[in-house]
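Please read the structure below before turning to the comments.
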Amino acid sequence: MYQGDVLIFNTGDGGEIEFVNGQPIMTGGFESMIFLCWFGGNFEDDGLAANRKTWWANLNEQDPDKRYISRLQNLIFQGVPLNSGNRRRIEEAALADLEIFKSSGIAGEVVAEAFITGRNQLKLVAQVNSPQGENSEVAFLINWQSYL
């Protein structure tokens, strides 16, 4: 019996799912939800709530507040340069994408931080703090150019 979500992990240039004995690895954490929030769009997703060219799983979601809108991924698709001048813009987009944690009551506080670790290399860190005081941190290393 499956418990939790299928673990989607970041490979630096996309997401992957690992199988063991024909079964996907599962997680009870927030890794997959955060990954989908940040990278669940497609090339035609403009990062706006009204976009009809959105992630396929949004089409069946009746509550607009629960649809994934990848503002962060849209910055990458726009070709926004990864530099210190855009770092704050990247953090703001990443934080906006995680708003679903707060609107759905999963978290009382959410933090997103971006660190430029090298040429076209970004480390994104999400902290999800539950209303009960439980804290979870997830970090992804991203090759900024690989998503183009």
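Structure summary
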| item | result |
| --- | --- |
| Complete set of residues in the range 14-32 that are in contact with an Asp or Glu (Cβ under 9 Å, 6 or more places away or on another chain) and at pLDDT below 85 | Thr27, Gly28, Gly29 |
| Scan of the range 105-148 for residues that are assigned to a loop (DSSP other than H, G, I, E, B), at pLDDT below 90 and under 16 Å from the mean Cα position of the chain (by Cα), ordered by number | Ile106 |
| Selection within the range 59-86 - touching a residue at least 24 places away in the same chain (Cβ under 8 Å) and over 16 Å from the mean Cα position of the chain (by Cα) | Gly79, Leu82, Asn83, Ser84 |
| Members of the range 108-138 found to be within 20 Å of Thr27 (Cα to Cα) and in contact (Cβ under 8 Å) with a residue 40 or more places away in the chain, listed by number | Leu124, Ala126, Val128, Ser136, Val138 |
| Counted residues, the range 81-96 - those being among the small types (Gly, Ala, Ser) and within 11 Å of Leu124 (Cβ to Cβ) | 2 |
| Checking Ala96 against (1) aliphatic (A, V, I, L, M); (2) within 16 Å of Asn143 (Cβ to Cβ); (3) in a helix (DSSP H, G or I), the condition it does not meet | (2) |
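The values are calculated or read from the model by the stated rules, or taken from the named source; none is laboratory data. As the structure is a computational prediction, the values presented were derived from the model and not from experiment. FYI the Cβ positions are ideal-geometry reconstructions off the backbone, even for glycines, and counts take in every protein chain you see.
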